[in-house]
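**Student:** Below you will find the structure I want to go over with you.
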Amino acid sequence: MQLTRVVFRFFKRYKKVPGLLYGGKNKIIPKIYPQHKERALKWFLMNEENERILSEPYLTDKEEAGHMESLGFTNEARILGEVEKAALERWNKPKDRRIHYLEEHYKHLNIKKSWE
């Protein structure tokens, strides 16, 4: 009986670990299977391919210089400046600070006072 208790305690897969099971001093290190290695390799290769694609420009310098005109935009800076200016005006517009009453809010419904 003592022998079986010692053997079962020795070959037990997960021992009781104080605190986190997979972190800290007494952590259990998970087994790494070939599927995990294959998945990690695929992930690294995919990231490498993505970095390679992003590092190369899609348009050449000559094509990039004229692509806005081909889309119909003559001056990108002017268009962006107008958009920013309009947004700034909306932001800095003085707020209507007077007290609003329900009567004023629903006055568009009170066009005629008679029932139909």
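The values are calculated or read from the model by the stated rules, or taken from the named source; none is laboratory data. These numbers come from a predicted model, not from an experiment. Using ideal geometry, Cβ is built from the backbone for each residue, glycine included, and neighbour counts are taken over all protein chains shown.
**Student:** Starting from residues that are modelled with pLDDT of 75 or more and assigned to a loop (DSSP other than H, G, I, E, B), keep the ones in the stretch 41-65 and report whichever is surrounded by the fewest Cβ atoms within 10 Å (Cβ to Cβ).
**Tutor:** 56
**Student:** Would you check which residues across the stretch 16-40 are surrounded by 10 or more Cβ atoms within 10 Å (Cβ to Cβ), among the basic types (Lys, Arg) and at pLDDT below 85 and list them? If you could, list the steps in order and put the result at the bottom.
**Tutor:** Here is the first cut: in the stretch 16-40, the residues surrounded by 10 or more Cβ atoms within 10 Å (Cβ to Cβ) are 17, 20-21, 23-24, 26-28, 36-40.
Going one step further and asking which of them are among the basic types (Lys, Arg), we end up with 27, 37, 39.
Across the stretch 16-40, the qualifying residue is only 27.
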